[in-house]
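Written out below as structure tokens is the structure these notes cover.
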Amino acid sequence: MDKKKQLIALALFGLFGVAQAGEKEELLKLRNTTTNLIKELVKQGILTEKVANEMIKKAEADAESQSQLQNNQQAMEAPEPGEVRVPYVPEFVKDEIRKQVRADLRQEVVGDVMEKAKTEKWGTPDALPDWVNRFKLSGDLRLRSQSDYMANDNVEGFYSDFLAINQAGGVSAAGLDGFLNTTHDRHRFRERLRLAIDAKVADNLQAGVRLATGNQPDPVSTNQTLGNTGSQYQFNVDRAFLKYDAVKDSGFKWLTVSGGRIANPWYVGGGEFTGGSELVYDTDLSFEGLAITARHSFNDDHNHGHRAEDNHVPHSVFATIGGFPLQETALSSHDKWLFGGQVGVDWGFNNQDALKAGIAYYDYRNVQAKPNSNNPRTCDTNLPLNNFSAPQYYQFGNSVAVICNDSTNTLPGLYGLASDYDIINANIAYDFAMFAPYHVIVGGDFAKNVGFNKQSVRNLTSTTIGDQTNAWQARVDIGFPKVDRAGQWNIFSLYKYVERDAVFSAYTDSDFHLGGTNAKGWVVGGNYGLMKNVWFTGRWLSTDVITGPKYGNDVLQLDLNTKF
């Protein structure tokens, strides 16, 4: 009988355990064990089946009652929302929980704080006016050593400096300064400082100002030559403009309108680090007027909502038109102007190669000389409009005609351009990316002055001047697309051939043959990164005249460049 009591006690304890078990797995295990035990007691005759069924029903009823009591108690002691209570957690689990909570809390709190600081502009930005955040300041500084070496067999005293003659008031007044230096080597140190401020006026509307060193009469150089007895440098307004960008929902800029004194709006060939071709326009030249560029992206048409910049391969065409006053006078409606138009393509390939090309037409108005018709043919007359036809700036090369004589009435007093200039310009560049991060960029540029009229030039000069109206350039660049980090490098080489009246000499390259046209020759050089935003540039330019007595020169330029 003791054995019977013990088995019954064990069975009841098991049923009670079912009611007390907190885990589902333990609950099922104890319930099955207890049921099997009671059935075994019935089988051995210790319990009758009726008694066993009553015991199971009573145990389940007690478990139900106990469960309800626990639920009521838990409801009364319910934790706050988000609170979790665990009856027992081992120490090693507690340690892991503590570490995880600290990490999650730190990330969440720091993220929330940073987001709130950004939104509410905590700290230093909040100490400044809101308009300060709309401005961006940038600039660059370049130190240059330049050596000009004249060929030993150059002819002396033949090539006139027509700009110096016009500024002096005639050949007799200019004296020896009226001739170009063709025989004396020259060594000088030069500096260029540019400081730019860009401001957000409104959505998609930007205002920009750039100050630069240089001399006001020279539109194609911002260099300041050192050695002025300590005099301060000139610091001029190089750019001042408004620019509006119309942007599609995809992020593609389909229209750009720029007005004021702006950067060159034309595609001039070359890759990102080539600086572009200077066959027609020097890279330092700024344009005064209005330019409009429209673009169509074939990527954008198939983006289906994706941003255009997410496409790694550009497929677009563009068109640019512009009008730029060159020289204005109150005494005539025939001001000097430049009008231009260009169409081009910017096409990328799946292998990361890229092709960019453009063809343009540039029409110069009222730049041809207008000789005085009075007798005597002196410059101090009541014909200021004719004197106005003299160019404000001139570089070597273009054919000239006499506008009027100086006070002696025997020597020229003012010179003007003998030809009109209507230039067709085509350029192309192909970027091979097969050796990335190194690139190979091959470019070509061609220009022709279709405005040259042999009979018109003869009427102005009383001489027959041949048709020298073609210009072309071929260039190869190898290396990093951009050099602004230590160890980055690229090298380049080009050959250029610019006939006398092919391009407007005032605006072409100011370094090749020391500026101007009627020149041919080679340029080799390279860039090497010294540290972040600091790099070295070396160039060797070897050139000679195309027509005329011997005049050749070699130029060595060594630059230390920085940007900020």
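The values are calculated or read from the model by the stated rules, or taken from the named source; none is laboratory data. For clarity, every value in this text was computed on a predicted model and none was experimentally measured. Note that each Cβ is placed from the backbone with ideal geometry, even for glycine, and that neighbours are counted across all protein chains shown.
Just to be sure before I move on: is Glu288 at pLDDT 95 or above, acidic (Asp, Glu) and either closer than 17 Å to Asp445 by Cβ or not in a loop (DSSP other than H, G, I, E, B) (or both) in the structure I sent?
yes
Could you check, for segment 247-258, whether at least one of its residues is charged (D, E, K, R), in a loop (DSSP other than H, G, I, E, B) and modelled with pLDDT under 95?
Checked against the condition, which is being charged (D, E, K, R), in a loop (DSSP other than H, G, I, E, B) and modelled with pLDDT under 95, segment 247-258 yields at least one hit.
Do we have any residue at all in segment 297-316 that's of a type outside the set (Ser, Thr, Tyr), more than 30 Å from Leu414 (Cα to Cα), assigned to a strand (DSSP E or B) and at pLDDT 95 or above?
No, every residue in segment 297-316 fails to be of a type outside the set (Ser, Thr, Tyr), more than 30 Å from Leu414 (Cα to Cα), assigned to a strand (DSSP E or B) and at pLDDT 95 or above.
Taking segment 213-222 only, how many residues are closer than 13 Å to Arg190 by Cβ and buried (at least 19 other Cβ atoms within 10 Å of the Cβ)?
4
Residue-wise test of (1) among the polar types (S, T, N, Q); (2) over 26 Å from Phe452 (Cβ atoms).
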{"residue": "Ala360", "(1), (2)": "no, no"}
{"residue": "Arg377", "(1), (2)": "no, no"}
{"residue": "Asn387", "(1), (2)": "yes, no"}
{"residue": "Phe396", "(1), (2)": "no, no"}
{"residue": "Leu411", "(1), (2)": "no, yes"}
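Please specify each residue of segment 245-274 satisfying the condition of being over 24 Å from Tyr394 (Cβ atoms), without any contact (Cβ under 8 Å) to a residue 40 or more places away in the chain and in contact with a Ser or Thr (Cβ under 6 Å, 6 or more places away or on another chain).
Thr256
Filter segment 463-521 down to residues that are polar (S, T, N, Q) and over 29 Å from the mean Cα position of the chain (by Cα) and give me whichever is nearest to Asn427 (Cα to Cα).
Going through the qualifying residues, I end up with Asn470.
State the number of residues belonging to segment 162-215 that are under 30 Å from Thr410 (Cβ atoms) and in contact (Cβ under 8 Å) with a residue 60 or more places away in the chain.
The qualifying residues number 11.
Quick one: which strands (runs of 3 or more DSSP E) sit completely within segment 118-219 and have at least 3 residues that are in the same structural domain as Gly416 (by TED's automatic domain parsing) and either at pLDDT below 95 or more than 23 Å from Asn236 (Cβ to Cβ) (or both)?
Per the criteria, 135-150, 186-202.
If a residue counts only when it is in the same structural domain as Leu326 (by TED's automatic domain parsing), surrounded by fewer than 20 Cβ atoms within 10 Å (Cβ to Cβ) and modelled with pLDDT of 95 or more, which strands (runs of 3 or more DSSP E) contained entirely in segment 339-430 have at least 1 such residues?
Of the strands (runs of 3 or more DSSP E) lying wholly inside segment 339-430, those with at least 1 residues that are in the same structural domain as Leu326 (by TED's automatic domain parsing), surrounded by fewer than 20 Cβ atoms within 10 Å (Cβ to Cβ) and modelled with pLDDT of 95 or more span 354-365.
Are any residues in segment 223-247 loosely packed, with under 13 Cβ neighbours inside 10 Å and among the small types (Gly, Ala, Ser), and if so, which ones?
Result: Gly227, Gly230, Ser231.
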